[in-house]
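Okay, structure first, notes after.
The values are calculated or read from the model by the stated rules, or taken from the named source; none is laboratory data. All figures in this text were calculated on a predicted structure; none of them were measured in a lab. With ideal geometry, Cβ positions are generated from the backbone for all residues, glycine too; neighbour counts draw on all protein chains shown. For accessibility, only protein heavy atoms count, side chains too; no ligands or nucleic acids. Shrake-Rupley method; radii C 1.70, N 1.55, O 1.52, S 1.80 Å.
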Amino acid sequence: MGHTKEDYPVKRYPVVDFHTHVLPKMDDGSRSAEMSLEMLRRMKDSGTDIVVATSHYYGQKESLESFLHRRGASLSRLREELDDTYPVVIPGAEVAFHFGIEKQKDLDQACIEGTRTLLLEMPFAPWSDYELNAVASLCYDKKLTVVLAHYERFVGFQKGNDMLERILKLPVFVQINAESLLPFFGSKPWIRMFDEHRAHLLGSDSHNLTSRAPNLDKARAVLRKKLGDDALDRIDSCALKLIGAEVDA
Ligand SMILES: [Fe+2]
C-alpha cells in the first residue's frame, strides 16, 4: 500500500496563513500563550510555515501607539516559547475601517511589519461612495497595498448596489477565509474567484482551538483538488510578496 502524491503535496513555496488571531490576549482570539502555542503547533503540523498575526485593531477605540505597545508585549511573551519547530510569526493587524481612516497619519504602522500591506476589515453594512473613495485614497494617496479581509463576508451586504464591482476595480487584493472554501459554506463562488484570479490570499482567521480552529490545510486541499497546484502556487507567491519575502519568479 504505497502513498500517493495526494498524501504529500509538493510545496513550491513556504505556506503563509495570512489572517490569524493567534497572539495571546490581544482580542477575541487566543486567550493565553499556551493556547497560542497549541494553535501554532497545529498550524505547523498541517503544513503552515509562516503565520501573520493579525489581531483586531479598532482605530476609533484605541490609539495605534497603544495597540502596537500591547502587540509588542504579547509577541515578546510568545517568542519566549517559540523555536524553529513552530511557524514563523509576523506581526500585523486586521484594521477595522472607520470614518476618517484615510486621513489617519500613522496608519502605515498598522501594516504587516516591514511592509506597506494593510489587512483591512470593511464595514459589515452596505458600502457607499464614501467607503469606496476612502479605500481608493488608501491605495493611491497613502500608497498602501490594501488586502480586503474575508471579502466573502461582505458580499451579502452589497445586494442591489455596484460596490463589489467598483471595489474590485481598485488595486486591492482579496483574502478569503479557509472555512468559506469548505463544502457546507457554499464554497463555489469563492473557489471561482481564485480560479479567475479575483481572489488572491487565504487565511484561517483562526481564533482558538475549537469553534474557530486552524484549518488552512483543509481549504488548501479543496483548492488543490478543484484548481490544481498552480492555484496554490499563485496564492503562496502572492502572500510571500505581500509580507515582503523574496520570491523566485
Ligand atoms: Fe479576523
Candidates 108, 84 - the one that is farther than 17 Å from residue 148 by Cα and acidic (Asp, Glu) = 84
Residue 88 passes all but one of (1) more than 14 Å from residue 142 (Cα to Cα); (2) open to solvent by less than 10 Å² (accessible area, probe 1.4 Å); which number fails?
-> (2)
Residues within the range 112-131 that are open to solvent by less than 40 Å² (accessible area, probe 1.4 Å) and more than 16 Å from the ligand (Cβ to nearest atom), tallied | 4
Matching residues, the range 33-76, being more than 16 Å from the ligand (Cβ to nearest atom), touching a Phe, Trp or Tyr at 6+ places or on another chain (Cβ under 6 Å) and of a type outside the set (D, E, K, R) = 40
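Consider residue 101 carefully, then state whether it is touching a residue at least 12 places away in the same chain (Cβ under 8 Å), away from the ligand (no atom under 16 Å from the Cβ) and not charged (D, E, K, R). Spell out how you get there, then give the answer.
Values: touching a residue at least 12 places away in the same chain (Cβ under 8 Å): yes; away from the ligand (no atom under 16 Å from the Cβ): yes; not charged (D, E, K, R): yes.
So residue 101 passes the test.
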If residue 62 passes every condition in (1) in a loop (DSSP other than H, G, I, E, B); (2) more than 24 Å from residue 221 (Cβ to Cβ); (3) open to solvent by less than 10 Å² (accessible area, probe 1.4 Å) but one, which one does it miss?
-> (3)
Counting only residues that are more than 19 Å from residue 93 (Cα to Cα) and surrounded by 14 or more Cβ atoms within 10 Å (Cβ to Cβ), the range 162-187 contains a total of 11
Looking at the range 188-201, is at least one residue under 18 Å from residue 21 (Cα atoms) and open to solvent by less than 10 Å² (accessible area, probe 1.4 Å)?
-> yes
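Would a scan of the range 237-244 turn up a residue that is touching a helix residue (DSSP H, G or I) at 6+ places or on another chain (Cβ under 9 Å), aliphatic (A, V, I, L, M) and surrounded by 14 or more Cβ atoms within 10 Å (Cβ to Cβ)? Quick ask: steps written out before the conclusion?
Taking the range 237-244 first, the residues touching a helix residue (DSSP H, G or I) at 6+ places or on another chain (Cβ under 9 Å) are none.
No.
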Being open to solvent by less than 40 Å² (accessible area, probe 1.4 Å) and either closer than 24 Å to residue 101 by Cα or more than 12 Å from the ligand (Cβ to nearest atom) (or both) is the filter here, so list the residues in the range 5-22 that pass it.
-> 13, 15, 16, 18, 19, 20, 21
Regarding residue 135, is this residue of a type in the set (Val, Ile, Thr), closer than 20 Å to residue 54 by Cβ and more than 16 Å from the ligand (Cβ to nearest atom)?
-> yes
Answer yes if at least one residue in the range 211-227 is of a type in the set (Gly, Ala, Ser), crowded, with 19+ Cβ neighbours inside 10 Å and assigned to a loop (DSSP other than H, G, I, E, B), and no otherwise.
-> no
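Quick check, is residue 80 farther than 17 Å from residue 38 by Cβ, free of Cβ contacts under 8 Å to residues at least 60 places away in the same chain and of a type in the set (Asp, Glu)? Walk me through it before giving the result.
Working: farther than 17 Å from residue 38 by Cβ: no; free of Cβ contacts under 8 Å to residues at least 60 places away in the same chain: yes; of a type in the set (Asp, Glu): yes.
When the stated conditions are applied, residue 80 does not pass them.
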Identify all residues within the range 158-182 that are part of a helix (DSSP H, G or I), more than 19 Å from the chain's Cα centre (by Cα) and in contact (Cβ under 8 Å) with a residue 24 or more places away in the chain; write none if there are none.
-> 158, 163, 166
Does residue 152 satisfy being modelled with pLDDT of 95 or more and open to solvent by less than 80 Å² (accessible area, probe 1.4 Å)?
-> yes
